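Comments concern the structure below.
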There are 2 protein chains.
Amino acid sequence: MTTEHLVAQIHKKQSFLCVGLDVDLAKIPEHLLKEEDPIFAFNKAIIDATHEFCVAYKPNTAFYEAYGIRGWKALEKTIKYLNDKYPEIFTIADAKRGDIGNTSTMYAKAFLDDLGFDSVTVAPYMGKDSVEPFLAFKDKHTILLALTSNEGAFDFQTKEIEGKELYKHVLQTSKTYKNSENLMYVVGATKAKYLGDIRQIIPDSFLLVPGVGAQGGSLSEVCAYGMTNNVGLLVNSSRGILYASNEEDFAQSSREQAKDLQKQMKIELEKKF
Amino acid sequence: MTTEHLVAQIHKKQSFLCVGLDVDLAKIPEHLLKEEDPIFAFNKAIIDATHEFCVAYKPNTAFYEAYGIRGWKALEKTIKYLNDKYPEIFTIADAKRGDIGNTSTMYAKAFLDDLGFDSVTVAPYMGKDSVEPFLAFKDKHTILLALTSNEGAFDFQTKEIEGKELYKHVLQTSKTYKNSENLMYVVGATKAKYLGDIRQIIPDSFLLVPGVGAQGGSLSEVCAYGMTNNVGLLVNSSRGILYASNEEDFAQSSREQAKDLQKQMKIELEKKF
């Protein structure tokens, strides 16, 4: 999917919501456990109920690998369902991969080609030749971890190298990578005050922002500092939407949560456009 | 597996060789492609032929994910075969994972508990709460990326923070993590000269050293700078062993390669013990 297509969808739906499909069998409604594939059954219900209000879905691969073959089958079915039924939706494999060149190519092929995701998240620690194999895929996107929303982000990401934090070096250096126009970045919303600085380095790139809601980031603040003329934002919510209820009508509750976030996003978009 | 057990195996076999099971269907002998599960058939033949000369096997998960469900099945079969038939062998899931706390727990459970690997490689960029969930497993090991052997290592890992390279901060900071006694580190052999510095920070920890042989590191140099009273080294070889031949008798050629490396390792061990 091209960035232009994504931006058009955002304006059409008046939403830049991404729904994180982090399915935990211990948390889903009990009646689904009788299904042949409870993970996919849950995802399908969530997707059908929320797709009107979001522009992206993001399964985190850990939640699927945790269930072995069964989990991988559910992941395959989920991405196939999305690509078949809702091809206008942007899909993110939240895999946080990264390895030496030829090995990164294997990961890139797996997620972008074979599974057919529009994008994959990648860890920057191993540098250029671990990231560029992902960037080589046309109309696909590599979402590089820059500043994450967890406590451990302060261990290394915010440490200063020659007067500038490591995550800023990651932003700057990655701009020199081949096909860097295919880069997006993960930036934690709990650190909205950093967004101004970040926009000085990457004024136009899309940011994937986790941590709004449950983790306490403020949507208006994120938009004030992070929104560009091209929107440039995908804001993720996982647990808040997925586990809004664990009754039979859970999908309806998820829909309400997604709708509520979309309303807030519409207000933010109207401030700018 | 405890570190003591690993060290005892090293002395018994006079080897600290790790064989990287990076199976590429484009490179394995053609006659195996007729097998129901060519990846597992290849791994089984390689393991049976080389196990006398090595103490560890390390499948890189990218090579399995690249084949989807089929690849995951082959990975499951491979680790099960190792645990059933050669339980004295140390196993490494070269997965380079790392995510926020509860998500890292999912990965840790998948690789260390469900699949039953003795260890897993982890990327440090997200810091403490992304690494500690892996460290919580008793008699299991977390192999943290410190200084990798690829060109991109110079993008960030060797950049100085307050007069000290990032990878040294990773070594130092990780020592403060809970259950840090379960840590080992990836250190590229192409940078043997760094090993002296590294040993000042982590005098006793095991290092997993890729890049000897094909990537040009020198075994004697690695041992001179990196070996401890507890050996403290696992040296990996992948392609040099796996693809020594693609004839019918490929496993015999792999065995010769492994045997040759074991002989060199015996010499190094005899220098010290």
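Just so it is clear, none of the values below were taken in a lab; they were calculated from the coordinates. Predicted model, so just to flag it, every value in this text is computed and none were measured. Note that we place each Cβ from the backbone using ideal geometry, even for glycine, and neighbour counts take in every protein chain shown.
Scan region B:230-273 residue by residue and report those that are of a type outside the set (S, T, N, Q) and more than 30 Å from B:S205 (Cβ to Cβ).
Within region B:230-273, B:Y243, B:A244, B:E247, B:E248, B:D249, B:F250, B:A251, B:R255, B:E256 qualify.
Out of B:L261, B:L242, B:L183, B:L208, which single residue is touching a Ser or Thr at 6+ places or on another chain (Cβ under 9 Å) and over 30 Å from B:E165 (Cβ atoms)?
Every option except B:L242 fails the conditions.
Tell me, yes or no, whether region B:61-79 has at least one residue that is crowded, with 22+ Cβ neighbours inside 10 Å, in a loop (DSSP other than H, G, I, E, B) and within 14 Å of another protein chain (Cβ to nearest Cβ).
Yes, because at least one residue in region B:61-79 is crowded, with 22+ Cβ neighbours inside 10 Å, in a loop (DSSP other than H, G, I, E, B) and within 14 Å of another protein chain (Cβ to nearest Cβ).
Taking the condition touching a strand residue (DSSP E or B) at 6+ places or on another chain (Cβ under 9 Å), over 12 Å from B:G20 (Cβ atoms) and in a loop (DSSP other than H, G, I, E, B), does B:S245 pass?
In short, no.
Can you name the residue in region A:175-220 that is assigned to a helix (DSSP H, G or I) and exposed (fewer than 15 other Cβ atoms within 10 Å of the Cβ) and, of all such residues, is farthest from the chain's Cα centre (by Cα)?
A:Q200
Does region B:96-111 contain any residue that is in a loop (DSSP other than H, G, I, E, B) and either farther than 30 Å from A:K168 by Cβ or of a type in the set (V, I, T) (or both)?
Scanning region B:96-111 turns up at least one residue that is in a loop (DSSP other than H, G, I, E, B) and either farther than 30 Å from A:K168 by Cβ or of a type in the set (V, I, T) (or both).
Conditions first: (1) touching a strand residue (DSSP E or B) at 6+ places or on another chain (Cβ under 8 Å); (2) over 20 Å from B:L21 (Cβ atoms); (3) not β-branched (V, I, T). B:G211 passes all but one, so which condition is the exception?
(2)
Search region B:121-160 for residues being away from chain A (no Cβ under 11 Å) and touching a Ser or Thr at 6+ places or on another chain (Cβ under 9 Å), and hand back the single one that is farthest from B:A189 (Cα to Cα).
In this case the residue turns out to be B:A136.
Taking the options B:K159, B:K178, B:K140, B:K168, name whichever one is in contact with a strand residue (DSSP E or B) (Cβ under 9 Å, 6 or more places away or on another chain), among the basic types (K, R) and closer than 21 Å to B:F111 by Cβ.
The conditions single out B:K140.
With buried (at least 19 other Cβ atoms within 10 Å of the Cβ), in contact (Cβ under 8 Å) with a residue 24 or more places away in the chain and at positive phi as the only criterion, which of B:K128, B:K96, B:K140 stands out?
Being buried (at least 19 other Cβ atoms within 10 Å of the Cβ), in contact (Cβ under 8 Å) with a residue 24 or more places away in the chain and at positive phi holds for just one of B:K128, B:K96, B:K140, which is B:K96.
What's the total number of residues in region B:119-174 that are assigned to a helix (DSSP H, G or I), β-branched (V, I, T) and over 22 Å from A:A62 (Cα atoms)?
Of the residues in region B:119-174, 2 are assigned to a helix (DSSP H, G or I), β-branched (V, I, T) and over 22 Å from A:A62 (Cα atoms).
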